[in-house]
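Accompanying notes for the structure given below.
The values are calculated or read from the model by the stated rules, or taken from the named source; none is laboratory data. This is a predicted model, so every value here is computed, not measured. Cβ coordinates were reconstructed from backbone atoms using ideal geometry, including for glycine residues, and neighbour counts include every protein chain displayed. In case anyone asks, the SASA skips ligands and DNA or RNA and just uses the protein heavy atoms, side chains included. Shrake-Rupley method; radii C 1.70, N 1.55, O 1.52, S 1.80 Å.
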Amino acid sequence: MSELTPERLHNLEIRERQTKAAGLPALKYSLKHVDEYMHYGAGLQTLATLNQKGGFDCPGCAWPDPDDSRTPMAEYCENGVKAIAEEATKRRADPDFFARHSITELGDMTDFELGKSGRITQPMHLAPGATHYQPVSWQAAFDLVAAELNKLDSPDEAIFYTSGRASNEAAFLYQLFVRQYGTNNLPDCSNMCHESTGTALSEVIGIGKGTTTLQDLHEADLIIVMGQNPGTNHPRQLSALEKCKENGGRIISVNPLPETGLLTFVNPQRPLKVLSGGTDLTDIFLQVRINEDMSLVRAICKILWEEEKKAPGTVFDQEFIEQYTAGYAAWTKMLEETDLEACIDGCGVSRELIEEAAGLIHGSSKIVLCYAMGLTQHENSVDVIKEMINLLLLKGSIGKPGAGICPVRGHSNVQGDRTVGVWEKLKPELRERLRAVFNFEPPTEDGYDVVNSVKAMGEGRAKVFFALGGNFLSATPDTVYTAKGLRQCNLTVHISTKPNRSHVVHGRQALILPCLGRTEKDLRAEGEQFVSCENSMGVVQMSKGVLEPASEHLRSECAIIAGVAKTTLGDRTTVDWANLVRNYDNIRELIAACVPGFERYNEKVREPAGFYLPNGPRNRRFDTADGKAHFTVSPLSNHALAPGEYLMMTVRSHDQYNTTIYGMHDRYRGIHHERRVVMMNEQDLAAAGLVTGDKVDLSSEYDGETRYARLFQVVAYPIPSGNIATYFPEANSLVPITRTARGSNTPISKSVRVRLHKR
Ligand SMILES: Nc1nc2c(c(=O)[nH]1)N[C@H]1C(S)=C(S)[C@@H](COP(=O)(O)OP(=O)(O)OC[C@H]3O[C@@H](n4cnc5c(=O)[nH]c(N)nc54)[C@H](O)[C@@H]3O)O[C@H]1N2
Ligand SMILES: Nc1nc2c(c(=O)[nH]1)N[C@H]1C(S)=C(S)[C@@H](COP(=O)(O)OP(=O)(O)OC[C@H]3O[C@@H](n4cnc5c(=O)[nH]c(N)nc54)[C@H](O)[C@@H]3O)O[C@H]1N2
Ligand SMILES: [Mo]
């Protein structure tokens, strides 16, 4: 067990929570990071081209860049800088490093230590029974992958995972290879992230993506930010929220935690604001209980409905409802029968605040709803998101300027990977195009998503695991079970930039194939190449690295995929893989031929600000069966907790990128030097006879099986009673693989029933 999550404590220190995000401290911390980890000079050079037209796309998050003017120094944010410093680090995990540390020793390192070992410089191979990874040539690595893949009884015994940093070009090549090889087993990080969004929005508005542009946020009367911590995870979003406020808009935030950036933001781009202390962003903070957003929104809708009945047409946008929606009658019938008191009790927010929020919504006609993982990782997430759409539909707040739904994506190209075909479900239109353009028969059966991949490995049905980026072991739920599955594989392969735990918990043999990062120059036969990415708002832009590669042996993701494909498929392929990666224009031509919206891709992607993909709901075209947007009726959440049980969410600290730990501080929340903590309501602590700093183990019990995460420290924190928060990935071993969101199969990382045991 220790090799999964080394359980040792540091010196937990609790400081005052910060009330303001960004500003000078953020600048100071990010420069400190650059100084510590990057080569002198490289730091400034990279920052200057970050998110500039013609520069590279920040690997930090999927928040869009302004279409028009960009700030002269860079659209800059603290955590974007950390993401870059992490990639452009001067440290190297070279063959010497792997010779010095056995697998057991690497397993004893924390995620923080593993990540800080630096960039991987050469392909590395772990032979059967070996204690150390050893360097291997690229061709020998490809040969091994090909041999293992080609000896499986069925292509469905192989799994091909994608993390959302892969470019459109790499992702398209990858899915093409996998489908020519013969399977749809293409799980991706989206399965754990915004899958619930894709499922819900496709069903009710006919597209699995958001409908807003950045301009809509600037123009909104009201922005509701739910289940999202932008101060840490999408810091540049705060500039958009600030613009909305300056234009007279208002902001409601809905969160079990009073997250720092949402309260006050000091824009580092604007020195005068820094001096004056910043902008108060949130007008109304609704401290909802975990997974009770549905009862909160239901209460608001009930209040609005009562007003609407008194004076029809004064609250709801009846014209929009009449012309563009279906399901209104059933929905209002449900509201008639709704018990307002029960909803108010359920969500844990006071009636006064709920009425105040309802009043603000009543008075606004242009509403934007932003959300992220706080809504998507629960058993009823698909319903919760549909409920949010109900709220927008009643106000006609979709498909007009200043309004719409804004699911804020995580990885910088997670949305694009899906657009170009990385999905365990092959859409009929794409199957048709692949067949026509490449003259082969793509597999018809749905493949495994993440959860089904873990189960397939656990049950011995899958034998080769291949990953294009990411850290599957640490990102997935049920860490111990996932580890068992990976260990049962014949071969585990990772295209990676840096060492992580998935390299250490391996199959009978393992390979690490080191790739170029977003920041690095990519020189191919026909010159320096660029790639492209789609941001959270459906804009596709080019990204071109500026730094010299971390090692001469690195290859681009596209080149590695082409090498694996050519070697594995041999004569069976209808694709000239080598030619495609001479010049990525060749790949983009093929994307243009297969994916709607990419016509004239090579031309449009060279426009400085990129191009928007088609989005029906933006023009009130809803691609559902009846062409309407749908009101839906869903049951409220129901977490009947037994005495001694808490509902746990797993969240990100200010010092991490998913499973990559930048540092041991959660500065905004005032939690320092330690990540194995449980944030807990003060009264709950007292009732449990605990004080801050006490050590506990956690357990979760589902369907008769108990899972553990050991050695945590409790910390008093302003969180609703009955709720606790821990950090991802330390608490992932508690998330049961057997419980997922209905409809999207997303793990329930934000609502796990747990118990605490004092040590
Ligand atoms: N610096 C940095 N940037 C990142 C990432 C990173 O790790 N580091 N990760 C990237 C990725 S892949 C993603 S998906 C995004 C994640 O971005 P977020 O979704 O902001 O990330 P989380 O830390 O999971 O935060 C979830 C938020 O939802 C709240 N929450 C939890 N449960 C509920 C609930 O039931 N209801 C409501 N209303 N709120 C709830 C939590 O208190 C927290 O504020 O960020 C991306 N950007
Ligand atoms: N309990 C819990 N679990 C969660 C979540 C949660 O909130 N709670 N969040 C979920 C979410 S939203 C997501 S998106 C997933 C994230 O799951 P993943 O995407 O699988 O995880 P990451 O930590 O982002 O992956 C980091 C690794 O990617 C590699 N890498 C970095 N840059 C590159 C690159 O340019 N190319 C390649 N090939 N590799 C690169 C590095 O080796 C690094 O170690 O985790 C999910 N898991
Ligand atoms: Mo994510």
Query - Cα centre as origin, Lys/Arg/Asp/Glu Cβ charges: segment 195-407 dipole, Debye - result: 740
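Between Arg487 and Thr314, what is the FRET efficiency for a Förster distance of 51 Å, r being their Cβ-Cβ separation, to the nearest 0.05?
Details: r = 63 Å, r/R0 = 1.23.
Working from the Cβ atoms, E equals 0.20.
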Query raised in the report: Where in segment 518-579 are there GluC sites (Glu not before Pro) that are in a DSSP coil and have at most 13 other Cβ atoms within 10 angstrom of their Cβ?
Result: Glu526, Glu552
Query - Listed peptides 105-115, 639-649 by packing density, highest first (mean Cβ within 10 Å) - result: 105-115, 639-649
Query raised in the report: Among Val450, Ala741, Leu144, whose Cα lies farthest out toward the positive end of the dipole of the chain, if unit charges sit on the beta carbon of Lys, Arg (+1) and Asp, Glu (-1)?
Result: Leu144
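Between Ala688 and Glu603, 0.36 nm times their residue separation minus their Cα-Cα distance comes to what? Walk me through the intermediate numbers first.
Details: separation 85, 0.36 × 85 = 30.60 nm, distance 6.33 nm.
Full-extension gain reported as 24.3 nm.
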Query - Relative contact order for the chain, counting Cα pairs under 8 Å that sit 6 or more residues apart, in percent - result: 21
Requested in this report: With a 10 Å radius around each residue's Cβ, average the other Cβ atoms per peptide and rank 537-549, 348-360, 745-757, 402-414, highest first.
Outcome: 402-414, 745-757, 537-549, 348-360
Report task. Report ³J(HN,Hα) in whole Hz for each residue of segment 495-506, in order, from the Karplus equation J = 6.51 cos²θ - 1.76 cosθ + 1.60 where θ = phi - 60°; Gly and Pro get x. Result -> 8, 9, 9, 9, x, 8, 5, 5, 7, 9, 9, 10
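For the chain, with only Lys/Arg (+1) and Asp/Glu (-1) charged at the beta-carbon, what is the dipole magnitude about the Cα centre, in debye rounded to 20? Walk me through the numbers before you get to the answer.
On the way: 82 positive and 95 negative charges, 224 e Å.
I would put it at about 1080 debye.
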Requested in this report: Please turn the phi angles of segment 563-577 into ³J(HN,Hα) values with the Karplus equation 6.51 cos²θ - 1.76 cosθ + 1.60 (θ = phi - 60°), one per residue in order, whole Hz, x for glycine and proline.
Outcome: x, 5, 5, 4, 5, 6, 8, x, 6, 6, 8, 9, 10, 8, 4
Query raised in the report: Listed here are the pairs Lys20/Lys243; Lys695/Lys750; Lys310/Lys400; Lys302/Lys386; Lys151/Lys455; which of them are more than 25 Å apart at the Cα?
Result: Lys310/Lys400
Query - Simple spin-label estimate for Thr706 and Leu641 in nanometres, 7 Å along Cα-Cβ - result: 1.9
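Compute the convex hull volume of the Cα atoms of the chain, divide it by the residue count, and report the result per residue in Å³ as a whole number.
Working: hull volume 110.9 nm³, N = 759.
Each residue corresponds to 146 Å³ of Cα convex hull volume.
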**Report entry** Cα-projected label distance for Leu9 with Ser551, points at 7 Å along beta-carbon direction, nm
**Finding:** 3.8
Report task. Return the aspartates and glutamates within reach of Lys32: Cα separation strictly under 12 angstrom, same-chain partners fewer than 8 residues apart disregarded; answer none if there are no such residues. Result -> Glu78
Report summary line: Per the charge dipole of segment 481-535 (beta-carbon charges, Lys/Arg positive, Asp/Glu negative, Cα centre), the residue among Leu516, Gln529, Gln488 reaching farthest to the positive end is Gln488
Query raised in the report: Computed on alpha carbon atoms, what radius of gyration and Dmax characterise segment 195-407, expressed in Å?
Result: 16.5, 53
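Work out the length of the dipole vector of segment 641-758 about its Cα centre, built from +1 on the beta-carbon of each Lys and Arg and -1 on the beta-carbon of each Asp and Glu, and round it to the nearest 20 debye. Write down the numbers at each step before the final one.
Numbers: 14 positive and 12 negative charges, 45 e Å.
Charge dipole of segment 641-758: 220 debye, to the nearest 20.
Counting each pair of different Cα atoms once, what's the Kirkwood radius of segment 479-598 in Å, rounded to one decimal?
On the way: mean 1/r = 0.0604 Å⁻¹.
Over segment 479-598, the inverse of the mean reciprocal pair distance is 16.6 Å.
Carbon-plus-sulfur fraction of the accessible area of segment 641-758, 1.4 Å probe, in percent?
Solvent-exposed carbon and sulfur of segment 641-758 make up 47 percent of the total.
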Query raised in the report: Of Cys244, Phe316, Gly327, which is farthest along the charge dipole of segment 195-407 in the positive direction, counting Lys and Arg as +1 and Asp and Glu as -1 at C-beta?
Result: Cys244
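Over the alpha-carbon set of segment 348-455, divide Rg by the Kirkwood Rh and report the Rg/Rh ratio to two decimals.
On the way: Rg = 19.5 Å, Rh = 17.5 Å.
Radius of gyration over Kirkwood radius for segment 348-455 works out to 1.11.
Pop the C-beta distance of Glu246 and Asn439 into the FRET formula with R0 = 56 Å and round what comes out to the nearest 0.05.
On the way: r = 55 Å, r/R0 = 0.99.
For Glu246 and Asn439, the calculated efficiency is 0.50.
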Query raised in the report: Taking Cα centroids, how far is segment 561-610 from segment 104-170 in Å?
Result: 24
Report task. For segment 412-559, just the Cα atoms, rotate onto the principal axes and tell me the three extents in Å, largest first. Result -> 45, 40, 31
Report task. Report Thr121's accessible area, 1.4 Å probe, all protein chains in place, as a number in Å² to the nearest 10. Result -> 10
Report summary line: Averaged over all viewing directions, the convex hull of the alpha carbons in segment 641-758 casts a projected area in nm² of 7.4
Query raised in the report: If you line up the long axis of helix 168-181 against the longest principal axis of the chain, both from Cα atoms, how many degrees apart are they, to the nearest 10?
Result: 70
